[in-house]
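The values are calculated or read from the model by the stated rules, or taken from the named source; none is laboratory data. Nothing here was measured: the structure is a model prediction, and the numbers come from that model. Using ideal geometry, Cβ is built from the backbone for each residue, glycine included, and neighbour counts are taken over all protein chains shown. Each accessible area value is taken on the protein alone, full model and side chains, heavy atoms only, with ligands, DNA and RNA left out. Shrake-Rupley method; radii C 1.70, N 1.55, O 1.52, S 1.80 Å.
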Amino acid sequence: MNTAYFYLTDEGGRLAHKLAAAHPGDIYNKENFKENLQAGFGKYDSLICIMATGIVVRILAPLIVHKTSDPAVVVLDQKGKYAISLLSGHLGGANDLAREMAVISGGEAVITTATDVAGELSFDTFAKKHDMAIENIGQLKHISGALLSEKKVNVFTDKNAAELYPELAKEQKRGMIAILPLSEFFKTYTIESNIPAVVIDERLFVSNSTVPQAAPVLYLRPRTICAGIGCKRNMEQKPIEEALLQTLKEEGIHPLSLKCIATIPLKSDEPGIIGTAANLNVPLQIIPTEEIENLDISQLGIQTSEFVASQTGVLSVSTACSYLASGKGEILKDKAKYKGITIALSKARS
């Protein structure tokens, strides 16, 4: 997370440097302050402003878009007595950042998000912690509202939730949620149900279920799928992206479950691959050739190509890359072939 500090007074400057010594970031003084703060809104993951809250609100208000994209904004007074989580408390991480700044400054964190104040589970914070994408964030308010009203929420997943997500196990013991297998979701939510639900699953077909309006359902997509891509030189982004999305669809995987796109060093400068990763908002991982060479290709049972080897130096590009990027997880799709493009999918180990 890249961070920027902004201050207007000498005392604020001393605090900014103290905070940055423990939590590194760029520091801006009052010179060109408004322009720098507004530019920083789109440049940094988190902004820490040492000044009056009203100043920050007036300058940043025109730039605010949505909590899924806005940076974390934390405001401190120049003495560091209070660290206020102002914007993007959960998804942006401002709540945690405010707590961290308060510890460093010796002050107190001011958190006003309802679930934090009530001590209830916040599923946007939960999703961020466990690297999950929120498919339909508009439903989040209904889930949070139910928990705040002390109403039960059903969580459906085929994952070992009690082991992977201890906070869910804790809430189940309190009686606030019930953790159920995904098969129960289809049985329960194809008929009328008034119990809010959270579905944790990578598969595309889950959201195609017939769910009545009376039962709000929040879909969380764990980012576990690593896509390996190979292509001819100078392939355009559109066919590469379309091939990847088609492969995901055929395998029944939601695009939001993508964890990364991986390829070999020879293809690291391909604009079509770079653009696809950027457009789908996933990191591009370059797999060293020697790691592929060290694989026991025959034991993996994946497709190989002597022609590919003559061009790239390795027997497999897309499948080997996806497999290694996933931490040698589960190969879901071995080299789907398109015109000048190969796509493979592997699932990272939990």
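Data overview
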quantity	calculated
Tally, over segment 247-271, of residues that are among the hydrophobic types (A, V, I, L, M, F, W, C) and assigned to a helix (DSSP H, G or I)	3
One residue from S85, S122 being surrounded by 21 or more Cβ atoms within 10 Å (Cβ to Cβ) and at pLDDT below 90	S122
Those residues of segment 145-175 which are farther than 19 Å from E135 by Cβ, surrounded by 16 or more Cβ atoms within 10 Å (Cβ to Cβ) and touching a helix residue (DSSP H, G or I) at 6+ places or on another chain (Cβ under 6 Å), in sequence order	none
Residue match in segment 234-243 (condition: surrounded by fewer than 22 Cβ atoms within 10 Å (Cβ to Cβ) and part of a loop (DSSP other than H, G, I, E, B))	yes
Exclusive hit being surrounded by fewer than 22 Cβ atoms within 10 Å (Cβ to Cβ), touching a Lys or Arg at 6+ places or on another chain (Cβ under 9 Å) and touching a residue at least 12 places away in the same chain (Cβ under 8 Å), set I302, I292, I297	I302
Verdict on A72 being open to solvent by less than 80 Å² (accessible area, probe 1.4 Å), in the same structural domain as A102 (by the TED database), within 13 Å of N2 (Cβ to Cβ) and under 27 Å from the mean Cα position of the chain (by Cα)	yes
